[in-house]
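Have a look at the structure below before the remarks.
Bear in mind these aren't lab numbers, they're just calculated from the coordinates by the rules spelled out. None of the values given here were measured: they were computed from a predicted structure. All Cβ positions, glycine included, derive from the backbone under ideal geometry; neighbour counts span all protein chains shown.
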Amino acid sequence: MTQDSAQISKRAGELLERLRATRPLVQNITNFVSMDTVANALLALGASPAMVHSIEESADFAARADVLTVNTGTLSPPFLEGGESAATAAHMLGRPWVLDPVGVGGGKFRNDAVLRLLRHRPAVIRGNASEIMSIARIAGLNPQAAAPRGVDAAHTTDEAFVTARLVARHHLCVVAATGAVDLITDGERVLRLANGHELMTRVTALGCALSAVVAAFCAVGEDAFEATASAIAVYGVAGEMAAEQANRPGSYRVAFMDMLDAITPADICARLKVL
Amino acid sequence: MTQDSAQISKRAGELLERLRATRPLVQNITNFVSMDTVANALLALGASPAMVHSIEESADFAARADVLTVNTGTLSPPFLEGGESAATAAHMLGRPWVLDPVGVGGGKFRNDAVLRLLRHRPAVIRGNASEIMSIARIAGLNPQAAAPRGVDAAHTTDEAFVTARLVARHHLCVVAATGAVDLITDGERVLRLANGHELMTRVTALGCALSAVVAAFCAVGEDAFEATASAIAVYGVAGEMAAEQANRPGSYRVAFMDMLDAITPADICARLKVL
Amino acid sequence: MTQDSAQISKRAGELLERLRATRPLVQNITNFVSMDTVANALLALGASPAMVHSIEESADFAARADVLTVNTGTLSPPFLEGGESAATAAHMLGRPWVLDPVGVGGGKFRNDAVLRLLRHRPAVIRGNASEIMSIARIAGLNPQAAAPRGVDAAHTTDEAFVTARLVARHHLCVVAATGAVDLITDGERVLRLANGHELMTRVTALGCALSAVVAAFCAVGEDAFEATASAIAVYGVAGEMAAEQANRPGSYRVAFMDMLDAITPADICARLKVL
C-alpha cells in the first residue's frame, strides 16, 4: 500500500520545480494569527499568495486564482460566509481547494462551519490527528473519537489512521493528518512520512502555512494525493534542514522560511523518510 | 513594603518550571497587530495559545481555557462583545483573566469598552503608565490624569505609582504598570522591577505579549500578585538577555523569542533587579 | 525634469533625521497581512505607529495623528467605512494621507472602494505599476490599461510612466509607482530611483510598509513630492544594504528591519541611484 521513497522524492522535486516556474496564485481565507506566516511561506517557496476573504470578493477571486485554502481558525460568521462562497466557486469551476479545519471539535459553531464547508467538496483536508478524528465524529463516521481541548493535537497520526481513511472515503478527498508522523490517504493509497522537527510545533501557524503549501502543490500537480504528499515531503525536509541552522523558536522561524527558498529536489531525495 | 529579591526570583523560577511542565491553555482576545507575536511568545515560553474571540465561541472557549486575556487594541464592536462574553464566563467560573487596556484614554468608544470590561473583574490589569493613569481618570478615581496621544506611554511608572495603587484597591485586582521600571501592586503589596531593555519598545506587540505571559503565569500560580511579578521578572530578564545577542529591532525580536525559550530559573536569580 | 542626486540624498537625510527626532504618530488603516510588518517598519525607522480602523474611532484618531495611511488589502465594508471616515477627517483638517490601493483593478467592490477613497484627496498614491494603471482605467483616464491578476505587479514602472503622470494631474496628488525602478511624480516633477532589491518582493507586506513610511515622511516634510521621494530613497537603500546581510527571504526580513534602524544620511548619499 505504501509507495517507493525514490518515486515520491522524484515527484516532489518535479512539482517543486514546476511550482517555482509557474508561481501559482493561491487564495487564502485563513485566520488572523497565520496571515503573515502563510503569505511568507508561499512567497519563500515561490508561489504567489493573495488573502481575499470578504463575501464581496471571495468568489470572484476564486475564479481567478489557481487554488484556494479555507482555514477555520479565528472563525467568525463573515469569514465563514466568504469561505463558503469561495469554496462553492472553486468547486463549480472544478478547481481544487484545501480545507484546514483548525479547532474542529471545539464547539457547535466551528463544527457546523466545517460541515458546511465539507459540502463544497475540498480536494484535500489537512489537519492534525485530533482535527481529523473530530471530523469523523461530527460527520457521524466515528462517534467515539474524542474532542481536543485547544488547537493543538491530542492524538498521534497512528491513532488517526483508520479514521483518516474513513473520512477520505466518505468525502472522496485526500486526507492528511500531520504531526510527528504525517499520514496521507485518499482512501485507497496510504503514505506515511517522518520528516519535520519538534520545533515546528513551537512556531505559530506553521500548520496553517502547510495547508497553503499543499494548495500550491495541488495547483501544479494533477493528482491531489501526489501533490499533497509532495507538499508535505518538501515542508518536512525543509523543517529538518532548518533545525540544523537554529535550535530556538525565534531563529527557527527565520531559518525555516529561508529553507523553503533554499530546498532543492536533491535535498528531498537525500532526506525523505517514508515509513 | 517591597519583597526580597531572592524570594521573588525563586518564586518566578518555580512558576516558570510549572508553566513549562503543565503548558496552560491561554485564550487570547487580542488585537490584529499582536496575534502573531502573542502566540509565538506563549509558544516560546512553553504555554499553549489559542485565539478565540468571536461571540459565537468566546465564552464556551473561556470555560475550557485555563486563563484568558482581553486586549483592547484595534477594538471594534464584535471584538468587544466577544471579549465581554469571555470575561463574564471566566469571572463566573472563578478563573483569572487579564485586561490589557491598550489605548485607553484615547476616546469615548475605547474608554466605555474598558469600563464595561472592568465590571467583569479582571485578576490583573497590565498596561503602560499612561494607560493605568487613564483608567483612574475614566473611572473617576483621579480626574487630573492626562490622556496619552497615541498608544505609547507618555508617563513613567513612578508617575503612575499612587494611581496604580488606587486602581488596584478600587477594582480589587493586581495592577501592573510596565515600562523602564515595572510597578506591580495589589493595593497593599508593591514591587518595582528594573529589568528589560529599551529595544523592547522598538518591536510591536511586546507589551501585548507580556499581558498574555502574565495570564499564563496566573494559570499556574495561586496568588495573582506573585504570578504577575514572576511573569514580569521572567519577561524583563529575557529582554535583557536578548539585548546581549542583538542590537537592532529586527534581530532583537528574533533573539527575544529565543530567550523566552532559553531562560532558566538560574538566569532570573542571577539577573533580577528589584528596586 | 529629473532632480540632482546629491540634492535628493541630502533632503532624504534631513527628513530622516527630523523623523527620528520628532517620532510622528502614523495612523494605519491597513490589511491584516501587513499589520505586524507595517508597525515594525515604522518603529524600526523611528516613527510611532497606531492601528485604528473601526468606524467608532478612526476619524477621531485621525484628528490626533500626524498622518494617515489607508490600504485596501483584505478589504471589507467595515474597513472601508473606517478608512473613508478617517480620510475625510484628515482631508478636512488639511493633513496629508497616503492611499495604498492594494489589488485595485481586481473587481467592482475594490474598484468602487478606491474611487470613493480618492474623493477624499490623498496627498500621495503609492502602488505598484499595475495598480497605478488600474486607477487610471477605473477613473476613465486610460481605458486601455490592463487589469492585474493577483496582488503582484504585472507591469513595469516604465510602462506606467505616462499613466502615473495623468493620475497625478487628475487627482492633484503625488503618485509613486514602485518596483525595480521607482517612479515618483506630482504631474510636473518626475523622479526615477533605482535602489531596492529583488528579495523585497519575496517578503509579504513590504509594499504596504513602504506606504506607511511615505506617510511618516509626509508628516515631517512640507512638500509631498520631496517627502515621498525621500521615503522611497531611504527604503530602497535600506533594502539594498539588507541584501548584503542576508540572501534568503526569512533572514532578509530580519536584516531589512535592522537596516531601517541602522541607515544614516551618509548611506543615502553614498548609495542613492537616480536615473
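With the label put 7 angstrom out from Cα along the Cα-to-Cβ vector, C:Leu115 ends up 4.3, 4.3 nm from the copy partners, going from closest to farthest. Most simply put, chain A has about 30% antiparallel DSSP beta bridges, counting only bridges with both residues inside it. When only Cα pairs below 8 angstrom with a gap of at least 6 residues are kept, chain C shows a relative contact order of 22 percent. Just the Cα atoms of the protein assembly as shown, one point each, no solvent: what log10 I(q)/I(0) does Debye give at q = 0.09, 0.11 Å⁻¹? Log10 of I(q)/I(0), two decimals: -0.83, -1.27. Once the Cα-Cα distance is subtracted from the 0.36 nm per residue extended length, the A:Asp4 to A:Arg169 segment shows a gain of 57.1 nm.
Would you calculate, for chain B, the mean residue ellipticity at 222 nm contributed by helices, counting each DSSP H stretch of 4 or more residues as -39,500 (n - 2.57) and dividing by all residues, to the nearest 500? Computed mean residue ellipticity for chain B: -16000 deg cm²/dmol.
For a test of the definition: using alpha carbon positions, the gyration tensor, and the 1.5 limit on a/c, classify chain A as rounded, prolate or oblate. Because its axes are fairly even, with a/c under 1.5, chain A counts as rounded.
Between A:Glu198 and C:Asp112, the modelled labels are 5.5 nm apart [label points 7 Å from Cα along Cα→Cβ]. For A:Val52, the residues whose amide H sits under 5 Å from its own are A:Asn28, ignoring neighbours fewer than 5 places away on the same chain, with H placed 1.01 Å from N. Any lysines with Cα under 22 Å of the C:Lys273 Cα? List them, leaving off those in the same chain fewer than 8 positions away. Counting by Cα, and skipping residues close in sequence, C:Lys273 has these lysines nearby: C:Lys10.
Can you say what percent of the DSSP beta bridges in the protein assembly as shown, counting only those with both residues inside, are antiparallel? Round to 5. Percentage antiparallel, nearest 5: 30. A point 7 Å from Cα along Cα→Cβ stands in for B:Ala180, and the other copies hold the same point at 4.9, 4.9 nm, listed in rising order. For C:Val174, the residues whose amide H sits under 5 Å from its own are C:Val124, C:Ile125, ignoring neighbours fewer than 5 places away on the same chain, with H placed 1.01 Å from N. Legend: calculated FRET efficiency, A:Ala266 to A:Arg18, from the Cβ-Cβ distance at R0 = 25 Å, rounded to 0.05, equals 0.95.
For C:Pro78, the distances from its label point to the matching points in the remaining copies are 0.5, 0.5 nm, ordered from shortest, with each point set 7 Å beyond Cα toward Cβ. Taking the number of Cβ atoms within 10 Å of each Cβ as an exposure proxy, the fewest-first ranking of A:Val237, A:Val162 is A:Val162, A:Val237. Sorting B:Glu244, B:Glu57 from the fewest to the most surrounding beta carbons within 10 angstrom yields B:Glu244, B:Glu57.
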